[in-house]
1. Could you tell me which residue of the stretch 233-264 is nearest to I215 (Cα to Cα), considering only residues that are assigned to a helix (DSSP H, G or I), of a type in the set (G, A, S) and at pLDDT 90 or above?
2. Based on this model, can you work out whether V280 counts as over 25 Å from A90 (Cα atoms), free of Cβ contacts under 8 Å to residues at least 40 places away in the same chain, assigned to a helix (DSSP H, G or I) and of a type outside the set (S, T, N, Q)?
3. Taking the stretch 232-244 as the search range and keeping residues that are of a type in the set (A, V, I, L, M, F, W, C) and crowded, with 16+ Cβ neighbours inside 10 Å, which one is nearest to L141 (Cα to Cα)?
4. Among (1) under 26 Å from D104 (Cβ atoms); (2) touching a Gly at 6+ places or on another chain (Cβ under 8 Å); (3) surrounded by fewer than 20 Cβ atoms within 10 Å (Cβ to Cβ), where does A219 come up short?
5. Within the stretch 65-77, is there a residue that is in contact (Cβ under 8 Å) with a residue 12 or more places away in the chain, closer than 25 Å to G225 by Cα and in contact with a Lys or Arg (Cβ under 6 Å, 6 or more places away or on another chain)?
6. Of all the residues that make up the stretch 188-214, how many are surrounded by fewer than 24 Cβ atoms within 10 Å (Cβ to Cβ), in contact with a Phe, Trp or Tyr (Cβ under 9 Å, 6 or more places away or on another chain) and among the aliphatic types (A, V, I, L, M)?
7. Name every residue in the stretch 224-252 that is touching a residue at least 24 places away in the same chain (Cβ under 8 Å) and more than 18 Å from the chain's Cα centre (by Cα), in order of residue number.
8. For L162, only one of the following conditions fails: (1) closer than 30 Å to L288 by Cα; (2) among the aliphatic types (A, V, I, L, M); (3) at pLDDT 95 or above. What is its number?
Amino acid sequence: MTTEDSSFTTSFLTLGVDEPMSSTTNGPSFGKRFGVALLLGLPGIVALAGYIYFTTPPSAVPAGLTLSLLAVSSGVNSLLFLGIACLLGAYAAPRVGLQSYVIDRTETDGGIWQRLRNDVGLAVGIGIIGGVLIIVLDALLMPFVAQDLPQSVIGATRPTLLDVFAYVPVRFLYGGITEELLLRFGLMSVLAFVGWRVIGHRTDGPRPVVMWTAIVVSAVLFGVGHLPALAQSVDLTPALIARTILLNAVAGIIFGWLYWRRSLEVAMVAHASFHVPIVVLSLVQVALV
């Protein structure tokens, strides 16, 4: 165990368990894992802040803020959450056997692409199928929520070509990478770690029930996290709340399973690929308008 990890381990001694199942002495230090994870998520935050700056109309800027301050504050808030997630994930993920080829890379490892390439096709295929599934589910649920959506919100689903391409970096960088660091590397890893410590054994890895609980809870919380933004545009109803949580949770469960059974990078590739059908649908909408 590294010196940097000792203060974190101390906080768990009150749970009355022995050393974690997965030693990290042969891998990167806690600080290096945290730093690499944080760097991976920064491009997504920059993309999000840039999108807010270049696309937010002046009338939508809150009183007391300038457009620049709005974009910067959004980026800082996202960076704060990312930092917390990376701290949690850097400690918890290797201890419950959740891997990242980039974050956990050691000098003796093979090339990252060599380790990842066998799973890329699987990730892309699952991501695209997942995106199509969400589109179909959204269409099936629309009759139950259409009356709760004002025309302005419904109209926002018919973007211009500029709208579609302006949001692409956010979809692929923030959605595909940063959100996976937040929800899978951070939240899901620490939920699995806590669940394992509470109901697991001293030498066994987390049982499937622990991992599935972590996957589902993190996915549902991801859906819940979308409600405040939705509430700024519409009055939330039970149907809208259920739809928002369901659509996001289904996707989150898919990505969480890939993180557990494969790697964080496979979940990232799948999440990025998940947005491809949505972008295509948006382009079709533009062409038909």
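1. For the stretch 233-264, the residue satisfying everything is G256.
2. So V280 fits the description; yes.
3. Taking the candidates together, the pick is L240.
4. Answer for A219: the failing condition is (3).
5. Checked against the condition, which is being in contact (Cβ under 8 Å) with a residue 12 or more places away in the chain, closer than 25 Å to G225 by Cα and in contact with a Lys or Arg (Cβ under 6 Å, 6 or more places away or on another chain), the stretch 65-77 yields no hits at all.
6. 2
7. S233, V234, D235, T237, A239, L240, R243
8. (3)
The values are calculated or read from the model by the stated rules, or taken from the named source; none is laboratory data. Every value quoted in this text rests on a predicted model; they were computed, and no experiment measured them. No Cβ is skipped: glycine too gets one built from the backbone with ideal geometry, and neighbour counts run over all protein chains shown.
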